[in-house]
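Take a look at the structure below.
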Amino acid sequence: MKMKKMTGLIALFSFLLMSFPAGIVCAETSTTMDLVKMLTSQLGVTEPQATGGAGALFDMAKGALSKTDYGQVAGAIPGIGDLIKAAPAVSESTSDASDKMAGLAGGLGGLTKAVESANKFAAVNDQFKQLGLDADMVSQFIPVLLSFANSAGGESVMNILQSVWQ
């Protein structure tokens with residue numbers, strides 16, 4: 001008799017453990033799909049382009065923000081990690097050129113910050129190119145992403161992202 005109860009409890013706990021992450025994944029998928037739908041309908045891009053482009057910009061933000069600020073963004077936009085994973089890797093030639101520019105600008109004060117900003121956008125432009133998107137599409141993605149961030153996490157989340165993408 002005790003064995004039946006134990007087996008039943010194990011089955012119940014297994015079901016609950018398996019159900020909980022699935023619910024989270026569904027919420028994340030729903031949120032990111034809403035964003036992807038916004039991008040495809042407003043910009044006329046394909047789903048892979050929308051997913052990869054958003055991921056490229058969010059990855060740029062992740063690299064530029066403090067852990068606290070990025071945590072606030074990630075908390076407001078469930079599934080952001082999946083979008084980042086969908087972004088194509090930065091090509092080796094773009095990465096090498098960015099490293100060289102950073103090395104040349106090192107120690108030049110204000111110029112270093114300008115070079116860092118240019119390098120970040122060079123990487124995003126490269127990723128957009130790999131997705132079959134022109135570099136000017138970056139400036140079209142940003143307002144849609146900011147609008148989505150505002151509706152998902154409020155003005156503070158939008159302002160955090162805007163500080164990176166200006």
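Values as computed for the structure displayed
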{"read-out": "Residue match in region 109-130 (condition: at pLDDT 95 or above, in a helix (DSSP H, G or I), within 13 Å of the chain's Cα centre (by Cα) and surrounded by fewer than 20 Cβ atoms within 10 Å (Cβ to Cβ))", "value": "no"}
{"read-out": "Restricting region 152-166 to residues that are among the aliphatic types (A, V, I, L, M) and either touching a residue at least 24 places away in the same chain (Cβ under 8 Å) or not in a helix (DSSP H, G or I) (or both), the residue that is surrounded by the fewest Cβ atoms within 10 Å (Cβ to Cβ)", "value": "Ala152"}
{"read-out": "Members of region 78-102 found to be at pLDDT 95 or above and among the hydroxyl-bearing types (Ser, Thr, Tyr), listed by number", "value": "none"}
{"read-out": "Count of residues meeting criterion [under 15 Å from Ala54 (Cβ atoms) and assigned to a loop (DSSP other than H, G, I, E, B)] in region 133-151", "value": "1"}
{"read-out": "Some residue of region 18-30 being in a helix (DSSP H, G or I), modelled with pLDDT of 95 or more and hydrophobic (A, V, I, L, M, F, W, C)", "value": "no"}
{"read-out": "Within region 37-51, considering residues that are within 18 Å of Ser147 (Cα to Cα) and not hydroxyl-bearing (Ser, Thr, Tyr), the one nearest to the chain's Cα centre (by Cα)", "value": "Ala50"}
{"read-out": "Subset tally (residues that are assigned to a loop (DSSP other than H, G, I, E, B) and either under 15 Å from Ala152 (Cβ atoms) or in contact with a Pro (Cβ under 7 Å, 6 or more places away or on another chain) (or both)) for region 36-95", "value": "3"}
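The values are calculated or read from the model by the stated rules, or taken from the named source; none is laboratory data. Since we're looking at a predicted model, the values are computed, not measured. Using ideal geometry, Cβ is built from the backbone for each residue, glycine included, and neighbour counts are taken over all protein chains shown.
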